[in-house]
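Peer 1: A single structure is presented below for examination.
The values are calculated or read from the model by the stated rules, or taken from the named source; none is laboratory data. All values derive from a computational prediction rather than experimental measurement. Cβ placement follows ideal geometry from the backbone for every residue including glycine, while neighbour counts extend to all protein chains displayed. Heads up: the accessible areas ignore ligands, DNA and RNA and are worked out on the full protein's heavy atoms, side chains in. Shrake-Rupley method; radii C 1.70, N 1.55, O 1.52, S 1.80 Å.
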Amino acid sequence: MSENERIYRVIDANLNRLKEGLRVVEDIKRYVFNDAQLAYKIKNLRHKAKIPTNEFIKFRDADSDVLKKSTKTEQDRQNLDDIMIANLKRAQESARVLEECFKLVNLEHSELFKTIRYELYEIEKQL
């Protein structure tokens, strides 16, 4: 596997992680708290992160993921706030990984994920 192919696997995993984390927070704000304003803001951010994935998805290898099993801290949630914060942090971290990896592949995408990361910092303050 070439270096680009390995980078594409990292990109694929983090695109999924970013969108999944945002969806969790969006749905809790939408369905539990009826917070249309913040849910809509997160939804727009999730859609902003949608880039063509065909180039990356073919390098997905979930079966060989060496850290697939959850850790104790990943399973420790006490309430909805814990779930939202954990998933928002997950999205922030993924945005950072995408920003860095795309520096090797597509600088425009790198800047997009940097912007998304900073928007996530602002959303964290609102939570």
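Peer 1: In region 1-39, what count of residues is obtained for those that are among the hydroxyl-bearing types (Ser, Thr, Tyr) and within 19 Å of the chain's Cα centre (by Cα)?
Peer 2: Number satisfying all stated conditions: 1.
Peer 1: Separate question: From LYS69, LYS41, which residue is modelled with pLDDT under 95, open to solvent by 60 Å² or more (accessible area, probe 1.4 Å) and basic (Lys, Arg)?
Peer 2: That would be LYS69, the only listed residue that is modelled with pLDDT under 95, open to solvent by 60 Å² or more (accessible area, probe 1.4 Å) and basic (Lys, Arg).
Peer 1: On to the next question. Identify the single condition in (1) modelled with pLDDT under 95; (2) open to solvent by less than 40 Å² (accessible area, probe 1.4 Å); (3) aliphatic (A, V, I, L, M) that LEU88 does not satisfy, given that it satisfies every other one.
Peer 2: Failing condition for LEU88: (1).
Peer 1: Applying the selection to region 1-23, what residues are surrounded by 18 or more Cβ atoms within 10 Å (Cβ to Cβ) and among the acidic types (Asp, Glu)?
Peer 2: ASP12
Peer 1: OK, next. Among the residues of region 91-122, which ones are of a type in the set (Val, Ile, Thr) and at pLDDT 95 or above?
Peer 2: Answer for region 91-122, where residues must be of a type in the set (Val, Ile, Thr) and at pLDDT 95 or above: VAL97, THR115, ILE116.
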